[in-house]
Structure formats: structure tokens, C-alpha cells
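> Handing you a structure now.
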Amino acid sequence: MTTPAASSADSGGTFLGHPTGLFVLFFAEMWERFSYYGMRALLVLYLTKHFLFERDAAYGLYGAYTTLVYITPVIGGVLADRYLGQRKAVLFGAIMLVLGHAGMALEGQAVAAGGTPDPGVLNIFYFSLALIITGVGFLKANISTIVGELYPKTDVRRDSAFTIFYVGINLGAFLGALVAGYLGETYGWAYGFGAAGIGMLAGLIVFVLGKPALRGAGEPRNPALLKEPLFAGISREIAIYIGALLMTVIVWWLVRDQDTVNTLLIVAGIVVVGYILYRSVFTLEPHARNRILIALVLISTQILFWGLFEQAGSSLNIFTDESVDRHLFGWEVPASMFQSVNAFYIVLLGPVFAGLWVWLGKKGLEPSAPMKFALALVQLGLGFLVLVFGANSVGLTPVIFIFLIYLLHTTGELCLSPVGLSAMTRLSVKSMAGLMMGTWFLASGAGNAVAAIIAQATAAPSTDGENVVLAVYKNVGWIAVAVGVGMAALSPFLAKLMHLDTLNDNPEEQVADAFGDGQKPAT
């Protein structure tokens, strides 16, 4: 049995064995990631070189921004589940992102040594970040959920589809870091941020024009509910958009306060996980409940992964700028452009991993999702240990070790991120799909908060002459390897609790939930 969305998507035609809607989402997300990673590649360098932020403060702001980027998808996911539908949420988020990136291109005057930034320019900068954060909240989790709606839950193409989608994400990230990074460091920050904004506009256009290929995937559960007036003749849908704008003002205030953001993250995590546990224990049949619990285990694992991986945009970016011999073929490559290396590897290796999972799956040898996560953590840790080895061997770190750390981090990422996206849509019940995807990104936010703390540790003064950055990298590298080995040992037990043998494609496999979708079956 297939879901209506899956059936209609396939009836609209296929390309390379997948629904054509997958490739609409591929290109829309590609351009959105072009804008995000183009801006991300420049952000810490912009703060330290243009506004002359202290390194610790720059890492804190970067951490608050990237954390909020991953908190807001929980709100966007819930609103899409209950009211908007994923397609409308993605459309609104894309518009917010275009406006935010346009504001980032207004850089103002550079700050002279000993001076302070213009408060007006800084507030425009903070508000632009807030628009981007809110926009990502509506777009990021929901566009991934639409991908999941194109396929039945038992479809063997799901992991392959999410890996293809992930290639689109990273093709955009590769081009964004390369183009915006080069323009920003070579010709001026406004050119780099402006290029990111143009990329986001292209993503919006692709998504609007490609709506027919989605064949109804991501539409509202109850369209009439959106049209109901709430107050002063304002419909529920318009009220949601007004609320999003008010939320942007709150985010504008929050983004400059790392401690408050981290407190908010902890509170949000407790509330969201508590709510998921409540619904799982009291409204779901046992197998569906266990799948949700395993999804939460996978979600928690990625906090460590992203805490280490996201050094790329902060401490590793500065390390590359100051401590790496960046000469290639006689040209000193701008540091920000090296953030394209990870994305390049994913574009190159993503299809290989997609084919590998399908090939192993047909032979019954595919590793379980928990085992893939374990492999990801081990490779992540090895990446840091390889960099530390290379940096300790000579003066300036040879650039080959930057390519090696990104290679190991990329193969780890391909074992975790697309697999995790697929697992969230497979293990969750339909009425919680957006919530679970939002929680996945909330945990990514927690990882970014951890990443900021680790980055700030690398900026601490040395007390014994040892390179602080390399000391921190060595410690976190060994921690990741140890946790990965432990998870590998537990993976058979975790895989058993996923109950993949009892999965079916009935969208109402659970009939009781907090939204009143029927009664709980007898167990």
C-alpha cells in the first residue's frame, strides 16, 4: 500500500528512477544552501576583520546564530504539520531568506583599529541574521519532509533519494562557499553576501515554478482551517505569517546573546522531547513507540557529531587562515574557500554512497542506521587526529591535511546526515513527521551550541606553550572515536527496536494522538 502523496508523485513521472518532484526539491534546496553556506563561509572572518570583534565574541555570535538556525525548524515543523502544510511553509521561509540576505549585503564602513562599529549598521546586520534564522525555520525541516512524502515508507529508494537530495544541498554549499567566499575576501564583503542573496532568489523561483511536479506532496492537512478568521477578519494563515514577523523581532534581540540562546535551547529541548515522549508512550502502539524512542537516540547522537563537525565555520576557518600553508599552484587561496572542500567531496562521493546503500540493501548487508551513525563518529574523530598529526610535524600545516580532515569528516557525514533525514521520516508517524524533523534540527542546534563552546576553548590563552587549538582538537578527536566504538557495540540492539519488519505504508498506522486522530488500538 502506498500513501496518496507517494502514488501521485510517481504518477507525475520519474527521472533516474525517482519522482521528478525530488529534483525540483534538489535544485530549490541547492540554491538555498548556496546562500546559507556562502554567507557562513564569510561570517566569522567578516566579524573579526570588518567589525573587529574579538575572536571569543565572534565565535559566540556565530554559535548563537547557527544554534537559532536549528531551533526555529521545530516551530516551523509544528506549524506545517498542523496548519500550513510543508509547501506553504517552505515558500514563506524562502521569501524571508531573500530579504535577510539582501540586508546582509549592506556592510557599512569598515571599523578602524580601536574604533567601534556603527550601531545602526550593526542593527541592520543583526536583523538580517534574524530574517535568515526565521526563514530557515520555516524552510529547512519542511523541505526534507516533502522529500519523504514522495516515497512509501517501505520504498527501498528512500535512503538513495535522501542521499541524492543531500548531494543537491552540498552542490549549493560547494558553489556558495567558493563563489561568495572568493568575492567577499577579494572584492568586498558586500559582493560575497550579495551573491548569496541572488542564490536564494534563484531557489525561490525554482520552488515556485516546480510546484506541479510535487503532485500534492506537502499540502495542508485541512485547507479550510487556514481560511478561518481568528480576529479582525484576519485568517489563521495570515496570523501565522504575522506571528513569524514578530518572532523575527525576538530573534533580532536573541542572536547577540549566546547565554540566553543556550538557555532557550535547553528549555526547548526539554519541552519538545518531553512532549514527544508523552505522545509516544500514551498514544502509540508499542512498535511505533519504540521507533520514536530510537529516533530520539539517533537525534541525541548527532549533538556530538555537529559539535565537532561545525568547527569548520569557526575555529577551523581561523586556523586555516592563520596556520595553514594555503598556496596552491602559486596562488594563496582565501581561507573561506576551503569550506567548499567538504561540499565538493559530498557531490563527488554522495552518488557512490547512495549506490552503495542500495547495493548492500539488495544483498541484505546494509548497515543499520545506528551502525552508520557509529561509523560517522569514528571517522569524525579520526579527521581531527590526522590534522593534529600533520600540524605537529612541521611549521605551517601543509594544506594536504586540511583536505584530509574534510575528507574524513565528509565520509562520516554521509554515514549520518542523509541517513538521519531518511530515518526521521521512516521512524516517525505521519502526524509527527514535521515535529520529528524539527527535533532533528533542534539537536543540530544543540550541536552548534556545543561547537561554539569548543571554538571558544580554542581561543583560550596557552598556559604551557602548547598549541591550544591542536590540544582541543586532539581531545575531541579521541572522544568521538570512543563514543563511536561504543555505539557500534550497541547498534544490533538499537536496530532490533526499530521494528523495520513491521513497517507499513498506512499513513494512520497510529490512530490515537494529541490531535485527535482516532482511538488507541488494543495492545
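> Write out, first by first residue and then by second, each pair whose Cβ atoms fall under 6 Å of each other, whose residues are 6+ apart or on separate chains, and whose first residue, in segment 118-144, is buried (at least 24 other Cβ atoms within 10 Å of the Cβ) while the second is charged (D, E, K, R) and part of a helix (DSSP H, G or I).
Taking only residues 6 or more apart or on different chains, the pairs are Ile143/Glu29.
> If you check every pair at least six apart or on different chains, which have Cβ atoms under 6 Å apart with a residue in segment 342-368 that is under 10 Å from Thr163 (Cβ atoms) and in contact (Cβ under 8 Å) with a residue 40 or more places away in the chain first and a residue that is polar (S, T, N, Q) and in a helix (DSSP H, G or I) second?
Ile346/Asn170; Ile346/Thr410; Gly350/Thr163; Phe353/Thr163; Ala354/Ser160; Ala354/Thr163; Val358/Ser160
> Hey, can you tell me all the residues within segment 177-190 that are part of a helix (DSSP H, G or I) and touching a residue at least 24 places away in the same chain (Cβ under 8 Å)? It would help to see each step written out before you state the result.
Applying the first criterion (part of a helix (DSSP H, G or I)) to segment 177-190 yields 177-186, 189-190.
Ala177, Leu178, Val179, Ala180, Gly181, Tyr182, Gly184, Glu185, Thr186, Trp189, Ala190, listed by residue number.
> Got at least one residue in segment 223-243 being surrounded by 21 or more Cβ atoms within 10 Å (Cβ to Cβ) and small (Gly, Ala, Ser)?
There is no residue in segment 223-243 that is surrounded by 21 or more Cβ atoms within 10 Å (Cβ to Cβ) and small (Gly, Ala, Ser).
> Among the residues of segment 208-256, which ones are touching a residue at least 24 places away in the same chain (Cβ under 8 Å), within 17 Å of Ala80 (Cβ to Cβ) and among the β-branched types (Val, Ile, Thr)?
Hit for segment 208-256 is Ile240, nothing else.
> Can you tell me how many residues within segment 456-495 are of a type in the set (Ser, Thr, Tyr), outside any helix (DSSP H, G or I) and under 22 Å from Gln311 (Cα atoms)? So that I can check it myself, show each step before the final result.
Step one: of segment 456-495, the residues of a type in the set (Ser, Thr, Tyr) are 458, 462-463, 473, 491.
If we keep only those that are outside any helix (DSSP H, G or I) too, we end up with 462-463.
Checking which are under 22 Å from Gln311 (Cα atoms) leaves us with 462.
Qualifying residue count for the region: 1.
> Right, another one. Among the residues of segment 44-59, how many are assigned to a helix (DSSP H, G or I) and surrounded by fewer than 24 Cβ atoms within 10 Å (Cβ to Cβ)? Please lay out each step first, then the result.
Going residue by residue through segment 44-59, those that are assigned to a helix (DSSP H, G or I) are 44-49, 55-59.
Of the ones still in play, those that are also surrounded by fewer than 24 Cβ atoms within 10 Å (Cβ to Cβ) are 45-49, 55-57.
Of the residues in that region, 8 qualify.
> Still on this model: Could you please give the count of residues in segment 448-464 that are surrounded by fewer than 24 Cβ atoms within 10 Å (Cβ to Cβ) and under 16 Å from Ser300 (Cβ atoms)? Give the steps one after another, and end with the answer.
Looking only at segment 448-464, we keep the residues that are surrounded by fewer than 24 Cβ atoms within 10 Å (Cβ to Cβ), and these are 450, 453-454, 456-464.
Then keep just the ones that are under 16 Å from Ser300 (Cβ atoms); that gives 450.
The number of residues fulfilling the criteria is 1.
> Right, next: Determine the pairs where a residue that is at pLDDT 85 or above and part of a helix (DSSP H, G or I), located within segment 437-455, has a partner that is buried (at least 24 other Cβ atoms within 10 Å of the Cβ) and among the charged types (D, E, K, R) with Cβ atoms under 8 Å apart, the partner being 6 or more residues away or on another chain.
As it stands, the answer is Gly447/Glu310; Asn448/Glu310; Ala451/Glu310, since those pairs meet every condition given.
> Return the residue satisfying two criteria in turn: it lies in segment 396-429 and is of a type in the set (Ser, Thr, Tyr) and not in a helix (DSSP H, G or I), and of such residues it is nearest to Leu298 (Cα to Cα). I'd like the intermediate steps shown before the answer.
Quick first cut of segment 396-429, residues of a type in the set (Ser, Thr, Tyr) only: 397, 406, 410-411, 417, 422, 425, 428.
Now drop any that are not not in a helix (DSSP H, G or I), which leaves 397, 428.
Values: Thr397: 35, Ser428: 12 Å.
It comes out as Ser428.
> Please go through (1) over 21 Å from Leu43 (Cβ atoms); (2) buried (at least 24 other Cβ atoms within 10 Å of the Cβ); (3) modelled with pLDDT of 90 or more for Leu91 and return the number of the only condition it doesn't satisfy.
With respect to (1) over 21 Å from Leu43 (Cβ atoms); (2) buried (at least 24 other Cβ atoms within 10 Å of the Cβ); (3) modelled with pLDDT of 90 or more, Leu91 is out only on (2).
> Ok, one more. For Leu264, state whether it is surrounded by 20 or more Cβ atoms within 10 Å (Cβ to Cβ), in a helix (DSSP H, G or I) and among the hydrophobic types (A, V, I, L, M, F, W, C). Don't jump to the end; show me each part of the working.
On the way: surrounded by 20 or more Cβ atoms within 10 Å (Cβ to Cβ): no; in a helix (DSSP H, G or I): yes; among the hydrophobic types (A, V, I, L, M, F, W, C): yes.
No.
Yes/no matrix, rows are residues, columns are (1) farther than 25 Å from Leu91 by Cβ; (2) in contact with a Pro (Cβ under 7 Å, 6 or more places away or on another chain):
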{"residue": "Leu178", "(1), (2)": "yes, no"}
{"residue": "Ala190", "(1), (2)": "yes, no"}
{"residue": "Ala196", "(1), (2)": "no, no"}
{"residue": "Leu201", "(1), (2)": "no, no"}
{"residue": "Phe207", "(1), (2)": "no, no"}
{"residue": "Asn222", "(1), (2)": "no, no"}
{"residue": "Leu226", "(1), (2)": "no, yes"}
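> Test each condition in (1) in contact (Cβ under 8 Å) with a residue 40 or more places away in the chain; (2) over 24 Å from Gln258 (Cα atoms) for Glu466 and report the one that comes out false.
(1)
> I would also like to ask the following. Out of curiosity, is Ala161 closer than 28 Å to Val352 by Cα, more than 24 Å from the chain's Cα centre (by Cα), in a helix (DSSP H, G or I) and touching a residue at least 40 places away in the same chain (Cβ under 8 Å)? Before the answer, list the steps.
Working: closer than 28 Å to Val352 by Cα: yes; more than 24 Å from the chain's Cα centre (by Cα): no; in a helix (DSSP H, G or I): yes; touching a residue at least 40 places away in the same chain (Cβ under 8 Å): yes.
It is false that Ala161 is closer than 28 Å to Val352 by Cα, more than 24 Å from the chain's Cα centre (by Cα), in a helix (DSSP H, G or I) and touching a residue at least 40 places away in the same chain (Cβ under 8 Å).
> Take the residues in segment 269-286 that are buried (at least 18 other Cβ atoms within 10 Å of the Cβ) and touching a residue at least 60 places away in the same chain (Cβ under 8 Å), then tell me which one is farthest from Arg426 (Cα to Cα). Show your work before the answer.
Within segment 269-286, the first condition is being buried (at least 18 other Cβ atoms within 10 Å of the Cβ), and the residues that meet it are 269, 272, 276, 279-280, 283-284.
Restricting the remaining residues to those that are touching a residue at least 60 places away in the same chain (Cβ under 8 Å) gives 269, 272, 276, 279, 283-284.
Details: Gly269: 22, Val272: 19, Ile276: 16, Arg279: 17, Thr283: 18, Leu284: 15 Å.
Selected residue: Gly269.
The values are calculated or read from the model by the stated rules, or taken from the named source; none is laboratory data. On a predicted model such as this, the values are computed, not experimentally measured, just so you know. In this analysis, Cβ positions are derived from the backbone assuming ideal geometry, glycine residues included, and neighbour counts consider all displayed protein chains.
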